[in-house]
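Trainee: Below is one structure. I have some questions about it.
The values are calculated or read from the model by the stated rules, or taken from the named source; none is laboratory data. Remember, predicted model here, so these are calculated numbers, not experimental data. A quick note on method: Cβ atoms are made from the backbone with ideal geometry, for glycine too, and the neighbour counts reach across all protein chains shown. Accessible surface areas use protein heavy atoms only, side chains included; no ligands, DNA or RNA. Shrake-Rupley method; radii C 1.70, N 1.55, O 1.52, S 1.80 Å.
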Amino acid sequence: MTRIYLPGNASKARLREAERARRNRAEIVRELSWGRVSRRDLIRWGLVTSAGVLAPIGGLNPFVSEAAAAVGPTGLPPSPLFGVRAFTQPMPRFDVLQRKAPSSLNPRPTAMSNQTQQVVDPLLGGGTGPIEGRPPGAVWAHQGFDRYPPAVAYEVTQRGARSNTTYNPGVSSALNSGINAGAEMPLRFHPAMPIQDENSVWTFNGTIPPKLVQARYGEPILFRHHNGLPVDVTQNAGFGRHTISTHEHNGHHGAENDGFTGAFFFPNQYYDYHWPVVLAGWSTFNTNAVDPKASSPNDDGSLKLIAGDWHETMSTHWFHDHMFSFTAQNVYKGNAAMMNIYSGLDRGNESIRDGVNIGLPSGNAKAWGNLDYDVNLMLADKAFDQDGQLAFDIFEFDGFVGDVMTVNLAYKPYFEVERRRYRFRILNASVSRFFKIALADASGVAQQMYQVANDGNLLPSPVILTALDEMGIAERYDIIIDFSRPGIRVGDKLHLVNLADHFDVEERPRLNGKKVIRDVTLAEALGGASQDPCVGRFLEFRVVRDPVTPDTSRIPLQMIPNPNLSLIPVSRERTFVFGRDGINVGGDPLTQGEGPWGIGTDGGAMLNADYGRISAAPQYGTREIWHLVNDGAGWDHPIHIHFEEGQILSRNGSFANVPAWERGRKDVYRLRPGGRLSITMQFRDWGGMFMEHCHNTMHEDNAMLLRWEINGSGQPFLAPLPTPVPTPQGVTFHDPRFT
Ligand SMILES: [Cu+2]
């Protein structure tokens, strides 16, 4: 089932019918989200076909009061916009999370999970259970906790929507489009749109704007995540699960801190994530920390040298929920934040010239981490019910595509800029939507951008483009826009424009979550040729003044070359095929998922996800080549492999098909319809269980996910590891199985 929209001129009766159908459908969605029925039940009752299509429903459905209502190709009503026009609100900068001393945490963080008992709410089964949801014992203790003791702590609570009274944009109001950060900020997507109900949106600390962690290499983080969501699983406004697992997207950490999909925790528990923020290779490469390029900025402008390979330096991360089968709902509902990682190379200070600092646009007031001209952009499409509350439809097994475009959770905002260079760290935080971004001037003429990073990793060299590539879900593109180019004047307006059209003209009227249907031209996008409401201008840049201080930033021709793997033997190759008609081979009902999607490993059957099953176990300390294959041309899959960046060796059999902007290090690999690619990655420094999955999170949740594990043959950690099965009363362990 794919999200369907009625045209704006549909009759009132048709809209009423569609709204009734949506409400009926929403009742089933609600029951599913509460776990009172399973997708398997719906299939058994004939309400959902095994392919995931919701059948027309009548008297058969125990949850539908109006038996005559029909769901199907009647259409869903378009999201109401309450008369709001585009570019009538300022875009808020991210809300910078407060740094704390680890010693301020109570209780103090411990290497092993804190199993101190507390009373468990009767709605969660009563009795007693541990205060920390991290699985207990040595296997789930923080690896390297003594070597990398936490130097800074963050403490956040996942909770329902509320007003923000502590907004810290990290810059002055003049650099935040005039927003008064001291004013209370209710949770709404535009000042003229309704305030969100407490259980419509669940974010970090319950507030907007989205949160930013400013991390630096050599400064290990203890991220204490409290679960403040309702103990009553039915208090979710129809979607979202109150259990969470936080994945620091492509952190090079031990598995116990990776947000493993089966290591989730419950309301009233916390989970201590230990993010050491280390360079990959630290255990074998530059171990005595003598290379100044492998370094981190000190507050006084000097550098702290660290172990590892500087070619593995990362810059732009995000972290988000990874709850098994509920990731799409939870991320969409607000469990998404970003993390900038500062290094000697990429310091967030544009002026220091010490032979190490690259000097990308940022500002220079502080030694590191200046945000003045370094701006995080979180792109996400949303949908709303007729009351203006956030809405979601978990039956969109092909992909959930919204009809309202947001940047930093604000509906089509504007952003004031000076006539100078800016860095934008762009994240695609959608559930299933791809973006293809162009920059247009006021006349609609395409303007140049410099792409400097892909998936948060600085490229070997910048790439000059007037339209970026299609950006898959979870991909990060860092770009630089030079607003001081000839022809741009104070008073001008430029726009970021989305060219990736998800409207399927052959099955109108509907938006298709399987893939981009076509890339429109800039002229088509600006001319309104697409019926996809998220195609066209979505962010307005207003050039408001000449720079107050000179722009000292640089865009060097050489940034970070790829690590040289030529001397490291390839110990094994594996093939993973991503496609439909995944099957469940039985096993543990507590760890298996179900759905139309699946992954076939090394010629085996196309299998549904099961986080108790290990599909690959590369040896610790080795390098492998993995072939990722799309089983069909009808869909695209952005594949995310956790743990360490890889390099793309070929697309459809040839390195010549790998575009310049994909020749750096990656952690999300777009297969493209019918496409295949080969990547290489290393397995070192840390151990445990990790994941590989499609980051179209509707595909992921509907069984396109597998578990792989770094096999140390018992050293320095156990393998295979027992599978955690969390309950509010404590985590039990099941024996893992192999594909
Ligand atoms: Cu997919």
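Matching residues to (1) assigned to a loop (DSSP other than H, G, I, E, B); (2) among the charged types (D, E, K, R):
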residue: I480; (1), (2): no, no
residue: V497; (1), (2): no, no
residue: K515; (1), (2): yes, yes
residue: S530; (1), (2): yes, no
residue: C534; (1), (2): yes, no
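Trainee: Can you tell me which residue among D492, D546, D551 is touching a Ser or Thr at 6+ places or on another chain (Cβ under 8 Å) and in contact (Cβ under 8 Å) with a residue 24 or more places away in the chain?
Mentor: That would be D551, the only listed residue that is touching a Ser or Thr at 6+ places or on another chain (Cβ under 8 Å) and in contact (Cβ under 8 Å) with a residue 24 or more places away in the chain.
Trainee: Further, regarding this structure: Touching a Phe, Trp or Tyr at 6+ places or on another chain (Cβ under 7 Å) and in contact (Cβ under 8 Å) with a residue 24 or more places away in the chain: is that true of D482 in this structure?
Mentor: Considered against the rule, which asks whether it is touching a Phe, Trp or Tyr at 6+ places or on another chain (Cβ under 7 Å) and in contact (Cβ under 8 Å) with a residue 24 or more places away in the chain, D482 comes out as no.
Trainee: I would also like to ask the following. Being in contact with a Gly (Cβ under 9 Å, 6 or more places away or on another chain), farther than 21 Å from R433 by Cβ and away from the ligand (no atom under 16 Å from the Cβ) narrows it down to one residue among D321, D387, D374; which is it?
Mentor: Only one candidate qualifies: D374.
Trainee: Let me ask something additional. Looking only at region 473-488, decide whether some residue is among the basic types (K, R), farther than 30 Å from E396 by Cβ and open to solvent by 10 Å² or more (accessible area, probe 1.4 Å).
Mentor: yes
Trainee: Please enumerate the residues belonging to region 636-694 that are within 16 Å of the ligand (Cβ to nearest atom), open to solvent by less than 10 Å² (accessible area, probe 1.4 Å), part of a loop (DSSP other than H, G, I, E, B) and farther than 17 Å from A280 by Cα.
Mentor: Matches in region 636-694: D636, H637, L671, G675.
Trainee: Then there's this: Given the options L499, L511, name the one that is of a type in the set (A, V, I, L, M, F, W, C), under 23 Å from the mean Cα position of the chain (by Cα) and at pLDDT below 95.
Mentor: L511
Trainee: Also: Among the residues of region 254-265, which ones are in a loop (DSSP other than H, G, I, E, B) and either open to solvent by 10 Å² or more (accessible area, probe 1.4 Å) or out of contact with any His (no Cβ under 7 Å at 6 or more places or on another chain) (or both)?
Mentor: F260, G262, A263, F264
Trainee: Now, a different point. Output the residue which, of all residues in region 454-472 that are part of a strand (DSSP E or B) and farther than 15 Å from I358 by Cβ, is most open to solvent (accessible area, probe 1.4 Å).
Mentor: I464
Trainee: Can you work out which of the residues in region 578-595 that are open to solvent by less than 30 Å² (accessible area, probe 1.4 Å) and outside any loop (DSSP other than H, G, I, E, B) is nearest to the ligand (Cβ to nearest atom)?
Mentor: Step by step, filter region 578-595, then rank; the result is F578.
Trainee: On to the next question. Restricting attention to region 666-716, which residues are closer than 20 Å to G612 by Cα and among the basic types (K, R)?
Mentor: Result: R707, single match.
Trainee: Before we move on, is G598 within 16 Å of the ligand (Cβ to nearest atom), in contact (Cβ under 8 Å) with a residue 60 or more places away in the chain and part of a loop (DSSP other than H, G, I, E, B)?
Mentor: Taking the combined requirement at face value, the residue does not satisfy it.
Trainee: How many residues, within region 135-166, are open to solvent by 40 Å² or more (accessible area, probe 1.4 Å), at pLDDT 95 or above and not in a loop (DSSP other than H, G, I, E, B)?
Mentor: Total meeting the criteria: 2.
Trainee: Which pairs do you get when a residue that is within 18 Å of P722 (Cα to Cα), found in region 688-707, comes within reach of a residue that is assigned to a helix (DSSP H, G or I) and away from the ligand (no atom under 13 Å from the Cβ), reach meaning Cβ atoms under 7 angstrom, with the pair 6+ apart or on two chains?
Mentor: G688/A255; G688/E256; M689/A255; F690/A255
Trainee: Sort out which residues of region 523-577 are surrounded by fewer than 16 Cβ atoms within 10 Å (Cβ to Cβ), under 26 Å from I437 (Cα atoms) and among the acidic types (D, E), and write them in order of number.
Mentor: Result: D546, single match.
Trainee: List the strands (runs of 3 or more DSSP E) inside region 196-253, counting only whole elements, that have at least 1 residues being open to solvent by less than 10 Å² (accessible area, probe 1.4 Å) and of a type in the set (A, V, I, L, M).
Mentor: Output list reads 211-216, 221-227.
Trainee: Exactly one condition in (1) in a loop (DSSP other than H, G, I, E, B); (2) touching a strand residue (DSSP E or B) at 6+ places or on another chain (Cβ under 9 Å) is false for S566; which is it?
Mentor: Every listed condition holds for S566 apart from (2).
Trainee: Does any residue in region 465-476 that is within 14 Å of E662 (Cα to Cα) come within less than 6 Å, Cβ to Cβ, of a residue that is aliphatic (A, V, I, L, M) six or more places away or on a different chain, and which pairs are these?
Mentor: L465/M449; L468/I437; E470/A500; E470/V516; G472/V668; E475/V668; R476/L427
Trainee: Mind listing whichever residues of region 695-716 are assigned to a strand (DSSP E or B) and within 16 Å of the ligand (Cβ to nearest atom)?
Mentor: Those that are assigned to a strand (DSSP E or B) and within 16 Å of the ligand (Cβ to nearest atom): L705, L706.
Trainee: Still on this structure: Specify the residue that is most open to solvent (accessible area, probe 1.4 Å); the eligible residues are those in region 266-299 that are acidic (D, E) and not in a strand (DSSP E or B).
Mentor: D299
Trainee: Would you point out the residue of region 396-423, among those that are among the basic types (K, R) and open to solvent by 10 Å² or more (accessible area, probe 1.4 Å), that is nearest to the ligand (Cβ to nearest atom)?
Mentor: Only one residue fits best here, namely K412.
Trainee: How many residues does region 57-100 hold that are modelled with pLDDT of 50 or more, surrounded by 14 or more Cβ atoms within 10 Å (Cβ to Cβ) and small (G, A, S)?
Mentor: Looking only at that region, the number is 2.
Trainee: Which of the numbered conditions does E132 fail, given that it passes all the others? Conditions: (1) open to solvent by 30 Å² or more (accessible area, probe 1.4 Å); (2) in contact (Cβ under 8 Å) with a residue 24 or more places away in the chain; (3) among the charged types (D, E, K, R).
Mentor: The one condition E132 does not meet is (1).
Trainee: Moving on. As an exercise: evaluate P267 against (1) over 26 Å from A161 (Cα atoms); (2) touching a Pro at 6+ places or on another chain (Cβ under 8 Å) and give the number of the one condition it does not meet.
Mentor: Unmet for P267, out of (1) over 26 Å from A161 (Cα atoms); (2) touching a Pro at 6+ places or on another chain (Cβ under 8 Å): (1).
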